[in-house]
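Okay, so here's the structure we're looking at.
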Amino acid sequence: MRNATARRRQTALAALAALAMAIGFASVPAGAAPPPEVDYAALGDSYTAGTGAGEADRPPGVDCWQSHPGYVDVVTATLPANLLDNAACHGAVLSRLSPTYDQVLSSPTVQEQIRSLVKERALSQKTDLISMTAGANDLGFARVLGVCAFSDEATCRAALSQAESPTALAFLTASLVQTYTTIQVSAPNAKVAVLGYPLLFDPDSPIVLPIPSANQRLMNGATVTLNATIARAVRIADALPRTDIQYMDVTTAFTGHAVNSVTGSWLQLSPTNFAADYNFHPNQAGHQAYAAVLLASVNLKELARQ
């Protein structure tokens, strides 16, 4: 099984490399020296684990589920980069102290991912770039989505108010700051790229969803609050000495590409299985958009080791 997965990943990376050359990301002028390779590591939740780029549901018995080709694969093929490891897992929360930590699901937490990356030296003084997504699971967004999908506006609003209470947001901010600083201490020379989340819905779209349009607006508002919390945590952590942590917003990139956008969705939503694990995650076009945001925000000459 592992060999088959490795072969699929190698095939996906080869296709992505060809795509990168075709669209000009990896083009090098004639006679120019090739760009130095970037030592790259990734960690976090399902968005960095590639959910939505592959199969719909998490296979049974898999502790850390990843799908390919996610945005990490696209970035690796495009830079070019030496992917030291992608430790991100579907369903991961920041730590076992998270109020939504699920002992049954048992995805390695972000803190556990950091320890693993340090142990294998994927996080070290030699690491150039680290990317991550995290925070939505700590507020229980998946559960709230389920509530808002099949309830009235008042019930949806109450669920969101609980998930994004001042206490919950303060705890998330503190947990994110601790996570970012731990990563930076473990990889002191790396740029840490923290990506946010897209707005999932277009409430004015003529495409009808099970989720009422009023609840779609509430969920989008909750995503705005989540992204603002992540951005604030990044500012706090980046103000500390010897840090290079940057928040990267993806909402503009996904404008016109929500799950119900008439111009084409970059997010998965199964029409027959509302409980599919990959629902409300980027499809392959969405993961390419995530990669484009990251690639547009980094200075490769400053990033790569000389």
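The values are calculated or read from the model by the stated rules, or taken from the named source; none is laboratory data. Since the model is a prediction, treat every value here as computed from it, not as a measurement. Glycine also receives a Cβ, built like all others from the backbone with ideal geometry; neighbour counts cover every protein chain displayed. These accessible areas exclude ligands, DNA and RNA; they are computed on the full protein's heavy atoms, side chains included. Shrake-Rupley method; radii C 1.70, N 1.55, O 1.52, S 1.80 Å.
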> What are the residue pairs meeting all of these: first residue in the stretch 44-57, first residue more than 8 Å from residue 277 (Cβ to Cβ), second residue β-branched (Val, Ile, Thr) and assigned to a loop (DSSP other than H, G, I, E, B), Cβ atoms under 8 Å, and 6 or more apart or on different chains?
Replying inline: 45/93
> What are the residues in the stretch 190-210 that are farther than 29 Å from residue 246 by Cβ and either open to solvent by 30 Å² or more (accessible area, probe 1.4 Å) or modelled with pLDDT under 95 (or both), if any?
Replying inline: 204, 206, 207, 208, 209, 210
> Restricting attention to the stretch 109-133, and to residues there that are touching an Asp or Glu at 6+ places or on another chain (Cβ under 7 Å) and buried (at least 17 other Cβ atoms within 10 Å of the Cβ), which single residue is farthest from residue 39 (Cα to Cα)?
Replying inline: 133
> (1) within 21 Å of residue 164 (Cα to Cα); (2) touching a strand residue (DSSP E or B) at 6+ places or on another chain (Cβ under 7 Å): which one isn't true of residue 259, the others all being true?
Replying inline: (1)
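Let's see how each residue does on (1) in a loop (DSSP other than H, G, I, E, B); (2) open to solvent by less than 60 Å² (accessible area, probe 1.4 Å); (3) touching a helix residue (DSSP H, G or I) at 6+ places or on another chain (Cβ under 9 Å):
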{"site": "277", "(1), (2), (3)": "yes, yes, yes"}
{"site": "285", "(1), (2), (3)": "no, yes, no"}
{"site": "294", "(1), (2), (3)": "no, yes, yes"}
{"site": "302", "(1), (2), (3)": "no, no, no"}
>> Please go through (1) in contact with a helix residue (DSSP H, G or I) (Cβ under 6 Å, 6 or more places away or on another chain); (2) within 30 Å of residue 121 (Cβ to Cβ) for residue 211 and return the number of the only condition it doesn't satisfy.
In response: (2)
> Taking the stretch 229-256 only, how many residues are within 18 Å of residue 187 (Cβ to Cβ), in contact (Cβ under 8 Å) with a residue 12 or more places away in the chain and outside any helix (DSSP H, G or I)?
Replying inline: 8
> Mind checking which residues of the stretch 49-75 are modelled with pLDDT of 95 or more and in contact with a Cys (Cβ under 9 Å, 6 or more places away or on another chain)?
Replying inline: 49, 64, 65, 66
> Taking the stretch 45-77, which residues are open to solvent by less than 10 Å² (accessible area, probe 1.4 Å) and out of contact with any strand residue (DSSP E or B) (no Cβ under 9 Å at 6 or more places or on another chain)?
Replying inline: 65, 67
